[in-house]
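Read-outs: derived from the displayed coordinates by stated rules, not from any lab. Note that the structure is a prediction, hence the values are computed from the model and not measured. Glycine also receives a Cβ, built like all others from the backbone with ideal geometry; neighbour counts cover every protein chain displayed.
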Amino acid sequence: MKNIVVLISGRGSNMEAIVQACATEGWNARIAAVVSNRPDAAGLDFARARGIATAVVDHRGHASRESFDAELQRSVDAFAPDVVALAGFMRILTPGFVAHYAGRLINVHPSLLPAFTGLHTHRRALESGCKAAGTTVHFVTADLDHGPIIAQAVVPVLPGDSEETLAARVLAREHVLYPRALRWLVDDLLRVDGLVVRHTRGEPQLLV
Ligand code: NHR
Ligand code: GAR
């Protein structure tokens with residue numbers, strides 16, 4: 001049985017989707033803990049209500065990113081994680097933290113990487129006139145939003161879309177894509193060759 005630790009900063013709907021999929025699909029894994037850098041993250045309430053262990057490491061109590069990441073690492077490691085999943089986690093992580101979890105740290109990012117790394121992806125996709133948008137699950141490396149891509153899902157950008165309507169369309173796909181990709185990692189079905197990730201049994205890594 002593998003231990004999954006989920007890192008959140010807010011609503012936690014992707015974390016919820018992971019918790020639900022793990023339970024209903026009978027993964028060989030458990031959600032060992034949900035850890036937030038914000039004490040008021042709504043996702044913490046969902047985790048507590050489900051009897052999942054929670055922890056808060058508030059970045060505001062730290063003078064440097066190194067000091068925050070050191071405490072975050074201690075907190076996460078207390079749950080003996082095999083996999084660490086960022087789910088709407090909003091703090092850039094130091095190279096030392098990323099190296100400690102190399103190969104077992106993944107993220108869901110709300111764009112079709114390598115387009116629109118960083119923040120405000122939906123606004124930037126709309127401003128750029130893109131006709132397609134989407135989401136990416138990737139391994140986290142020190143190079144922000146540039147780690148090897150595990151899976152992507154595409155959605156249309158529709159005439160009249162606002163940041164909110166596009167974000168909602170992308171989020172609905174994240175709730176399908178992220179649990180699926182995470183389960184592949186749990187089941188050791190991914191091989192990484194440079195930036196290229198392959199599913200060893202040829203499952204489609206693109207959701208259209
Ligand atoms: N850390 C590393 N080293 N590499 C990645 O690929 C990471 C990462 C940390 C988080 C998620 C990412 C996203 O999906 C992620 C990927 C936050 C920021 C950011 O600028 C950027 C990318 C992501 C998450 N954060 C600000 C900061 O100064 C704070 C913003 C806030 O608190 O609202 O850390 O988009
Ligand atoms: C998700 O769309 C995720 O891709 C995005 O924020 C949302 C979090 O929702 N992540 C980022 O923008 C990271 N910078 P959730 O908290 O309900 O899962």
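By how many nm would the segment from ALA63 to THR117 lengthen if fully extended, with 0.36 nm per residue of separation less the alpha-carbon distance?
16.9 nm
For region 127-169, backbone nitrogen atoms closer than 18 Å to the point 7 Å from VAL208 Cα along Cα-to-C-beta are found at 131-136, 151-158.
A Förster radius of 30 Å, combined with the Cβ-Cβ distance separating ALA172 from ASP77, puts the computed FRET efficiency at roughly 0.35.
In whole Å, what is the distance between the alpha-carbon centres of region 10-81 and region 130-159? Going from one Cα centre to the other spans 22 Å. Among residues other than LEU206 with Cβ under 13 Å from its Cβ, the summed charge is +2 (Lys and Arg +1, Asp and Glu -1). Over the chain, Cα pairs under 8 Å with separation of 6+ residues give a relative contact order of 19 percent. Each label point was placed 7 Å from the Cα along the Cα-to-Cβ direction; for THR165 and ARG48 their separation is 3.7 nm.
Is any helix in the chain, taking whole DSSP H runs, at least 20 angstrom long along its axis by alpha carbon and on average at least -0.5 on the Kyte-Doolittle scale, and which ones?
163-186
For the chain, the share of DSSP beta bridges that are antiparallel, to the nearest 5, is 45%. Multiplying the residue separation of ARG191 and LYS131 by 0.36 nm and removing their Cα-Cα distance gives an extension gain of 18.5 nm.
Overall form of the chain: rounded. Here a/c, set by the Cα gyration tensor axes a ≥ b ≥ c, is under 1.5.
Loop-located chymotrypsin sites (Phe, Trp or Tyr not before Pro) in region 107-208 (DSSP state other than H, G, I, E, B) with a sparse environment of at most 16 neighbouring Cβ atoms within 10 Å are absent.
List the trypsin sites (Lys or Arg not before Pro) within region 25-72 that fall in a DSSP loop (any state other than H, G, I, E or B) and whose Cβ has at most 16 other Cβ atoms within 10 Å.
Qualifying residues, ordered by number: ARG50.
Note on the chain: with a GNM built from Cα contacts shorter than 10 Å, the maximum mean-square fluctuation among THR136, THR121, THR165 falls on THR165. Calculated from DSSP H runs of 4 or more alone, at -39500 (n - 2.57) each and per residue, what is the 222 nm mean residue ellipticity of the chain, nearest 500? My calculation for the chain gives -10500 deg cm²/dmol from helical runs alone.
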